[in-house]
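Scroll down for the structure; my scribbles are underneath it.
Every number in this text was worked out from the coordinates using simple rules, so none of it is lab data. Everything quoted here is computed from the prediction, not taken from an experiment. Cβ: placed from backbone, ideal geometry, glycine included. Neighbour counts: every protein chain shown.
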Amino acid sequence: MRLASLAFITLGSLCLAGPVLAESAAARGKQVVDQWCRECHLRANDKPNPVMAPRYEDIVRRAGRNEAYFRKFLHEDHFPMTIFRLREDEKRDVLAYLMSLKKR
């Protein structure tokens with residue numbers, strides 16, 4: 001009985017941790033974007049500006065911009081973005097952030 005209770009508690013904790021971990025990844029991804037990408041990309045409430053790159057909120061809503069697209073995109077060079085080399089964990093976090101924007 002005690003072993004079953006322990007297994008139930010452990011399983012319940014893991015189920016609850018999933019959304020928290022996802023939120024943490026998205027939050028870390030937002031920090032990466034704010035540090036490296038926002039100098040060129042418009043922010044959510046900015047007025048359109050042809051000199052600036054588009055808002056992430058707009059980019060993620062374009063047709064075909066799904067998780068697979070962004071995963072591939074983050075692993076390719078894109079001038080002038082090639083000057084920023086993200087680590088694999090940063091790429092995963094940025095991907096989580098971008099996917100969180102699709103839900104808004």
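Some notes on this structure:
- Estimated vicinal HN-Hα couplings, Hz - segment 87-94 in sequence order (Karplus 6.51, -1.76, 1.60; Gly, Pro = x): 6, 4, 5, 5, 4, 4, 5, 4
- Label-to-label distance for Asn49 and Arg87 is 3.1 nm, based on points extended 7 Å past Cα in the beta-carbon direction.
- Cα gyration tensor, segment 32-93 - rounded (a/c under 1.5), prolate or oblate: oblate
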